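To start, the structure under review is shown below, and the notes come after it.
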Amino acid sequence: QIRRFSTCRFPRHLVLSPDSETLYVTCTQGSVGLYRVDTGERIGLGGVGINPRSMDLSGDGRFVATANFGLGGTKRGSVSIVDLLHRTHHSTFIDRVHRLVGLSIRPGSKLRVYATSWDTSEVIALEP
């Protein structure tokens, strides 16, 4: 059986919530969409950095983070972290890097986010 539902324009990466009820989808135009798995209904849309590529969800389901590829010519890629509990977000800009592509959140009580840089061949660790 195949089911389909509409998302934002240019969806890229997705993760499923720990309870399997919500699907988080990065939207290339700078947002993360939240969708009910059972109905496909969009239940939220939050802004993140420019051109988000990869995304991860913390093990407790509180945080979503995105690695933002940025735009050509700017040397400031970013990592965005959305606090789903408090409905806030912030982006941390990484100097000399504009193409962040991979991302992972370390499980545990202290939030740590890892991102990979296409330009500098580095893993960047953030403790926001």
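Residues of the range 1-17 that are surrounded by fewer than 12 Cβ atoms within 10 Å (Cβ to Cβ) and farther than 24 Å from Val101 by Cβ: Gln1, Ile2, Arg3, Arg4, Ser6. Of all the residues that make up the range 25-39, how many are closer than 18 Å to Arg99 by Cα and free of Cβ contacts under 8 Å to residues at least 40 places away in the same chain? Adding up the residues that qualify gives 5. Inside the range 78-94, residues that are of a type in the set (D, E, K, R) and within 13 Å of the chain's Cα centre (by Cα) make up a count of 1.
Exactly one residue out of Arg53, Arg42 is under 21 Å from Arg9 (Cα atoms) and touching a residue at least 40 places away in the same chain (Cβ under 8 Å), and it is Arg53.
Name the single residue that is most open to solvent (accessible area, probe 1.4 Å) among those in the range 18-42 being among the small types (Gly, Ala, Ser) and assigned to a loop (DSSP other than H, G, I, E, B).
As a first pass, look at the range 18-42 and keep what is among the small types (Gly, Ala, Ser): 20, 30-31, 33, 40.
When the remaining residues are screened for being assigned to a loop (DSSP other than H, G, I, E, B), the result is 20, 30, 40.
Working: Ser20: 63, Gly30: 15, Gly40: 10 Å².
Per the criteria, the residue is Ser20.
Figure legend. Inter-residue proximity from the range 4-24: first residues free of Cβ contacts under 8 Å to residues at least 60 places away in the same chain and of a type in the set (S, T, N, Q), second residues in a strand (DSSP E or B) and open to solvent by less than 60 Å² (accessible area, probe 1.4 Å), beta-carbon distance below 6 Å, spacing 6+ or different chains. Indicated pairs: Thr7/Val25; Thr7/Gly33; Thr22/Leu34.
Is it the case that the range 74-97 has a residue that's outside any strand (DSSP E or B), without any contact (Cβ under 8 Å) to a residue 40 or more places away in the chain, under 17 Å from Thr28 (Cβ atoms) and of a type outside the set (S, T, N, Q)? Taking every residue of the range 74-97 in turn, none turns out to be outside any strand (DSSP E or B), without any contact (Cβ under 8 Å) to a residue 40 or more places away in the chain, under 17 Å from Thr28 (Cβ atoms) and of a type outside the set (S, T, N, Q).
Tell me yes or no: at least one residue of the range 112-119 is closer than 21 Å to Ser20 by Cα, β-branched (Val, Ile, Thr) and open to solvent by less than 20 Å² (accessible area, probe 1.4 Å). No, there is no match, as no residue in the range 112-119 is closer than 21 Å to Ser20 by Cα, β-branched (Val, Ile, Thr) and open to solvent by less than 20 Å² (accessible area, probe 1.4 Å).
Residues in the range 45-96 that are surrounded by 13 or more Cβ atoms within 10 Å (Cβ to Cβ) and at positive phi: Asn51, Gly61, Gly70.
The values are calculated or read from the model by the stated rules, or taken from the named source; none is laboratory data. If you're wondering where the values come from, they're calculated on a predicted model, not measured in any experiment. Virtual Cβ from ideal backbone geometry, glycine too; neighbours counted across all protein chains shown. Ligands, DNA and RNA are excluded from the accessible area calculation, which covers all protein heavy atoms including side chains. Shrake-Rupley method; radii C 1.70, N 1.55, O 1.52, S 1.80 Å.
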